[in-house]
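As structure tokens, the structure follows; a few thoughts come after it.
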Amino acid sequence: MTLYQPFLDYAIATLQERLDLSPYPIPDGFESKTATTGKGKREVTVQTTSHGYCSPKLRQIRAAHVQAGDSLQVLNFVIFPHLNYDLPFFGGDLVTLPGGHLIAIDMQPLFRDSRDYQARYSDPIMPMFEQYQKVLPWGGDFPAEAQPFFSPAFLWTRPTELEDVNTHVFNAFKGYLDAYIGFAQQAQPVTDPERLKAIETAQLSYIRYRAEKDPARGMLTRYYGAEWTEEYIHGFLFDLERHLQAA
Ligand code: DBV
């Protein structure tokens with residue numbers, strides 16, 4: 001089973017169709033990585049593949065796809081805009097573990113408390129969010145420290161049926177991504193130096209949080225070792241600091 005492959009295929013195809021995409025470099029050794037886990041009949045291969053693109057307005061569009069049979073499927077898909085746009089991040093964390101499915105889909109705001117920002121980037125998708133919440137109810141327990149990074153339209157749910165992932169979650173993923181592409185198409189570059197500084201600060205704070213608290217760190221370290229995992233996190237998954245240092 002490759003549960004999230006159609007999500008990834010859809011995302012890349014629709015982005016390619018609607019935006020001017022170019023490849024984003026994937027550092028050597030991170031395009032595809034495999035390890036085996038379990039013994040004898042229970043041995044499984046854990047494969048992690050990476051996918052990267054960019055566009056004139058979107059600095060990095062990247063996915064990590066982890067696959068190890070029916071009980072471990074993960075697609076982490078994030079879009080990081082260029083620092084001269086105040087666009088939110090697109091964030092999808094689609095996780096299937098032996099314990100069940102865990103789904104997070106959002107347009108994560110740079111300025112959580114700004115009414116004007118919400119009016120532009122959250123209000124338009126609230127009707128869609130409310131529709132999906134009817135079939136994908138709030139997933140409960142959620143780290144309080146992550147709160148500032150999510151929008152009012154944060155879809156957080158733990159479906160119990162595989163069928164709901166293939167239907168409602170897939171539709172929600174498509175709906176959020178389509179709306180995000182619309183925001184990106186309309187976005188105008190920011191030129192005000194103070195606003196640019198505020199965007200950079202907000203992007204760095206988001207990236208640092210995600211890199212530091214990456215919920216996949218434990219899993220990736222177990223399969224691929226600490227050295228590979230830390231380099232993957234800071235050199236590809238959440239690479240803004242490296243990118244700014246290199247500039
Ligand atoms: N999450 C990532 C990356 C992953 C990934 C890069 C490469 O950011 C996978 C893979 N997420 C992943 C896995 C789990 C979660 C869980 C494997 C399960 C961890 C486990 O149970 O062992 C949203 N993802 C989660 C959780 C949340 C999110 C809240 C539950 C973790 C917990 O309860 O502590 N997505 C996550 C998050 C942000 C986001 C915190 C942003 C601030 O966008």
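The values are calculated or read from the model by the stated rules, or taken from the named source; none is laboratory data. As the structure is a computational prediction, the values presented were derived from the model and not from experiment. Reconstructed Cβ throughout: ideal geometry from the backbone, glycine too, with neighbour counts over all protein chains shown. We work out accessible area using only protein heavy atoms, side chains counted, and drop any ligands, DNA or RNA first. Shrake-Rupley method; radii C 1.70, N 1.55, O 1.52, S 1.80 Å.
Length gain on complete extension for the stretch F142 to T2, per 0.36 nm per residue less the alpha carbon to alpha carbon distance?
Working: separation 140, 0.36 × 140 = 50.40 nm, distance 2.66 nm.
Here the segment from F142 to T2 would lengthen by 47.7 nm.
Would you please state the base-10 log of I(q)/I(0) at q = 0.13, 0.19 1/Å for segment 75-129, with intensities from the Debye formula using one equal scatterer on every alpha carbon?
Computed log10 I(q)/I(0) values: -0.41, -0.74.
Under a point spin-label approximation (7 Å from Cα along Cα-to-Cβ), what is the E241-A226 distance to one decimal in nm?
1.7
When the C-alpha atoms of the chain are aligned to their principal axes, what extent does each axis show, in angstrom, from largest down?
Taking the Cα atoms of the chain, the three principal extents are 61, 45, 37 Å.
Please compute the per residue accessible area over segment 55-153 with all protein chains in place, 1.4 Å probe, rounded to a whole number of Å². Provide the component values of the computation, followed by the final result.
Numbers: 3720 Å² over 99 residues.
Ligands and nucleic acids excluded, the result is 38 Å² per residue.
Could you pull out every one of the aspartates and glutamates with an alpha carbon less than 17 Å from that of K41, ignoring same-chain neighbours closer than 8 positions?
Those aspartates and glutamates meeting the cut-off are D70.
Evaluate the charge dipole of segment 148-245 about its Cα centre and quote only its size in Debye, nearest 20, assuming +1 on the Cβ of each Lys and Arg and -1 on the Cβ of each Asp and Glu.
140
Okay, helix-only estimate at 222 nm for the chain: each DSSP H run of n ≥ 4 adds -39500 (n - 2.57), divide by all residues, round to 500 deg cm²/dmol; what do you get?
Details: 8 runs with 91 residues, N = 247.
-11500 deg cm²/dmol, from helical runs alone.
Find the percent of Cα-Cα distances in segment 97-227 that exceed 17 Å, and round it to a whole number.
Working: 5659 of 8515 pairs.
More than 17 Å apart: 66 percent of the Cα pairs in segment 97-227.
May I ask you to list the lysines whose Cα is less than 26 Å away from that of K134, ignoring any residue fewer than eight positions away on the same chain?
Qualifying lysines at Cα under 26 Å: K174.
Would you work out what percent of the accessible area of the chain, with all protein chains in place, is carbon or sulfur (probe 1.4 Å)?
Numbers: 6070 of 11640 Å².
Roughly 52 percent, rounded to a whole number.
Tell me, what is the per residue accessible area of segment 185-247 in Å², probe radius 1.4 Å?
Details: 3620 Å² over 63 residues.
Roughly 57 Å² per residue, with all protein chains present.
If you rank R242, R115 by how much accessible surface each has, with a 1.4 Å probe, what is the order from largest down? Don't jump to the answer; show the numbers that get you there.
On the way: R242 100, R115 135 Å².
Largest to smallest exposure gives the sequence R115, R242.
Please report, in debye to the nearest 20, how large the charge dipole of the chain is about its Cα centre when each Lys and Arg carries +1 at its beta carbon and each Asp and Glu carries -1 there. Display every interim value, and only then the final one.
Numbers: 22 positive and 30 negative charges, 48 e Å.
Using Cβ point charges on Lys, Arg, Asp and Glu, the chain gives about 240 debye.
If the only charges are +1 at each Lys and Arg Cβ and -1 at each Asp and Glu Cβ, what is the size of the charge dipole of segment 108-197 around the Cα centre, to the nearest 20 debye? Before the final figure, lay out the partial values.
Working: 8 positive and 12 negative charges, 41 e Å.
Dipole of segment 108-197, to the nearest 20 debye: 200 debye.
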